[in-house]
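Notes to accompany the following structure.
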Amino acid sequence: MNDILSPPVSRAGLHEEPTANTVLQEIKATVGTATVENPKMQARNVDVHYGEKQAIFDVSLDIGNNEVVAMIGPSGCGKSTFLRCLNRMNDSIPSCRVSGEMSLDGEDLYGPDLDPVLLRARVGMVFQKPNPFAKSIYDNVAYGPRIHGLAGNRGELDEIVTESLKRAGLFDEVKDRLDAPGTGLSGGQQQRLCIARTIAVSPEVILMDEPCSALDPIATARIEELIDELRQNYAIAIVTHSMQQAARVSQRTAYFHLGKLVEVNDTNSVFTNPQHELTENYITGRFG
Ligand SMILES: Nc1ncnc2c1ncn2[C@@H]1O[C@H](COP(=O)(O)OP(=O)(O)OP(=O)(O)O)[C@@H](O)[C@H]1O
Ligand SMILES: [Mg+2]
């Protein structure tokens, strides 16, 4: 355990509060194990800048098959930025520059041959605020399969829509009103609709950025169950502000602080025996 948060002693012998800059300089290499035996996605030495401002510093992290990786840390520490790099959502932000290596099944995410539209079908994303299209429930789920030409005829499309809604745990609630607008569902149902829309294109990885923060505890519990089921077939990375949620749904937890990956380990160790003082402070509620 290092002591980077102990107040430095000034020349006059007085204690001074550490500034963000002194904390940042003191966060050296990531503590714990950032790699897995069976990686689906790999990030190596990733830096991200928005204009002059650096938001991610030298982050290396694997996301394994059939596992949920939780990303936690104080607001503004770069969780969403890092997550968005994994399916090149940051491409749409002109000031954003990503360097380092990122790959999916060993294929360079930022290489010249990779089509970002196809990448986003392979690496799907679910956002904080459910964002169904202004279309029917059916058409929300059918949207991706249609643009990617995944169904040969209407019967196949019906099957994909039904199956996706079932896997998202929504089918029974909406089977009699598939033509009704997706925006007319409750918040929790909308979020499950967005998950159905994501899985309809058979992604390999699902990224979730605080998917439950707009939901009540019952809807949250339903999504958490679903995440656990989806893990059987996908690699999942989830950003959450709820440490209970991270502890419940993930197998590995990554703690970010000021754009650096401070610690990553199996979830149980991170929550019961954090190795870094910053992690410990965060999970015990001393800041963040
Ligand atoms: N589009 C953008 N343009 C400029 N700076 C940005 C942009 N998006 C994020 N940032 C900056 O990058 C840093 C990391 O932001 P990010 O949104 O990734 O943090 P976060 O950990 O997801 O925070 P929160 O928990 O509040 O969602 C912050 O300093 C933020 O101000
Ligand atoms: Mg965020």
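Here are a few things to note about the model shown:
- Considering residues of the stretch 78-108 that are surrounded by 14 or more Cβ atoms within 10 Å (Cβ to Cβ) and in a loop (DSSP other than H, G, I, E, B) only, the residue farthest from ligand 2 (Cβ to nearest atom): 88
- Residues in the stretch 228-238 that are out of contact with any Gly (no Cβ under 9 Å at 6 or more places or on another chain) and under 20 Å from residue 104 (Cβ atoms): 230, 231, 232, 233, 236, 237, 238.
- Residue among 41, 89 that is over 27 Å from residue 283 (Cα atoms) and either more than 9 Å from ligand 1 (Cβ to nearest atom) or of a type in the set (Val, Ile, Thr) (or both): 89
- Residue match in the stretch 124-139 (condition: surrounded by fewer than 16 Cβ atoms within 10 Å (Cβ to Cβ), hydrophobic (A, V, I, L, M, F, W, C) and free of Cβ contacts under 8 Å to residues at least 12 places away in the same chain): no
- Filter pass, residue 51 being near ligand 1 (Cβ under 8 Å from one of its atoms) and in contact with a Ser or Thr (Cβ under 8 Å, 6 or more places away or on another chain): yes
- Hey, residue 246 hydrophobic (A, V, I, L, M, F, W, C), within 14 Å of ligand 1 (Cβ to nearest atom) and either assigned to a helix (DSSP H, G or I) or at pLDDT below 95 (or both) or not: yes
The values are calculated or read from the model by the stated rules, or taken from the named source; none is laboratory data. If you're wondering where the values come from, they're calculated on a predicted model, not measured in any experiment. Cβ coordinates were reconstructed from backbone atoms using ideal geometry, including for glycine residues, and neighbour counts include every protein chain displayed.
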